[in-house]
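Engineer: Below is one structure. I have some questions about it.
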Amino acid sequence: METIDLNQIKLQKQIKKILSLLPVLIILIILIVTSVYKVNTGEAAVITRFGSAVRVNREAGIHMKIPIIERAQKVSLARRHQIEYGYRTLKGNSVMDESDYAEIPEEQIVIVEAIGNNSSLVLTELIVEYRVSDPIQYLYKVDDLENTIRLVLEDTLRNTLQTVTLDQALTDKLAIDAEIKPDIQRKLNSYEAGVEIIEVKTQNTSLLDSVDVAYREIEKANQYRNSKIEEAQKYTNTVVPTAEAEAMQLIEEAKAHRARVIAQAKADVAEFNALYAEYVKNPEIFKEKIYSESMQNFIKNNNIIIDTTSDNSLYKFYNMDDNRSSGRQTSGNVNEQASASGVTQDIVEQEQQTAVDEDLVEEGVVDNE
């Protein structure tokens, strides 16, 4: 007769009971797991219900959603996405390998200064950095966001460079980047791309090989011209102040000369007025004084003097050198002046006597033979 183990029967019943509850536990675990999601710092979770976005959760932490029906799709808001234009970075096989770059000619070549007749071709390479600003638009509004941004960048870049000169395209990269950035942002906003352009940075702008040689020659000519302009400016800065100083000096000398001449003229006028007053009082004495002083000056400035009589029958010669030399032997300059004064006095007396005789002849007092 078989013996029945009650403990074994009890164990089997418990196992059957647990196995019957296992599907319920699994389903419960799945529901719990799918209803909980975590949002990290710098992220946003887009909650979709049956494929349609219903809300966005930007707060970091653990959150709940309806299991199975709702899905949470996370988007990084802090990550800086980068798009290369004109080239692509080819990464090495390992982290230690250096990156290689592949140029994209159809993107690089851009026309500059297309408005005028001096249009040229340049090769340009840029980087555009952006981050997500609207997670819903970022996920659902634009299918191929990277390619869309690249096309918008190409359109904006070509339109902008057509309005700048070749020199500006090669040297003023920061200004061009600053002009391109708001245009790209405005167009992406119109497409509801849900991204914010952080930076547009031109990596390199160069000329085609065929254009580079001619441009370098132009640069050399411009440098030569600028050097000559600087030399002329330096010469001007040196010569002009000197000329201005000399001009000021001449003006000041002219003013001083003018003042001296005016003062001398006023002094001469005053002297003349004084002499004229004396002349009015005693004309004969004043005439004799003037004549005597004039003859003294005349004798001082002449070595030989010839004097004639009234009837031109006799010539008198006065050798002033002899008188001056004899005067020097005796008493120097004082005797020389005295000798000259004596001769002058004789001539004056003779002239006066001649004048008196002529007056007497005219009056008939003395017969003129």
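Engineer: Can you tell me which residue among ILE127, ILE184 is within 20 Å of ARG80 (Cα to Cα) and not in a strand (DSSP E or B)?
Structural biologist: None of the other options fit; the residue is ILE184.
Engineer: When you scan the range 289-313, how many residues do you find that are modelled with pLDDT of 60 or more and either closer than 19 Å to PHE272 by Cβ or among the hydroxyl-bearing types (Ser, Thr, Tyr) (or both)?
Structural biologist: 7
Engineer: When you look at ARG131, is it out of contact with any Asp or Glu (no Cβ under 7 Å at 6 or more places or on another chain) and either surrounded by fewer than 18 Cβ atoms within 10 Å (Cβ to Cβ) or more than 19 Å from ARG88 (Cα to Cα) (or both), yes or no?
Structural biologist: When the stated conditions are applied, ARG131 does not pass them.
Engineer: Of all residues in the range 161-181, which are closer than 17 Å to ASN118 by Cβ and part of a helix (DSSP H, G or I)?
Structural biologist: Initially, the range 161-181 is screened for residues closer than 17 Å to ASN118 by Cβ, giving 161-172.
Residues satisfying the conditions are LEU161, LEU166, ASP167, GLN168, ALA169, LEU170, THR171.
Engineer: Tell me, which residue of the range 60-84 that is closer than 20 Å to GLU196 by Cα and charged (D, E, K, R) is surrounded by the fewest Cβ atoms within 10 Å (Cβ to Cβ)?
Structural biologist: That would be ARG80.
Engineer: When residues of the range 27-59 are filtered for being surrounded by 11 or more Cβ atoms within 10 Å (Cβ to Cβ), more than 15 Å from ILE136 (Cβ to Cβ) and hydroxyl-bearing (Ser, Thr, Tyr), how many remain?
Structural biologist: Total meeting the criteria: 3.
The values are calculated or read from the model by the stated rules, or taken from the named source; none is laboratory data. What you see is a predicted model, and the numbers here were worked out from it, not measured in a lab. Cβ coordinates were reconstructed from backbone atoms using ideal geometry, including for glycine residues, and neighbour counts include every protein chain displayed.
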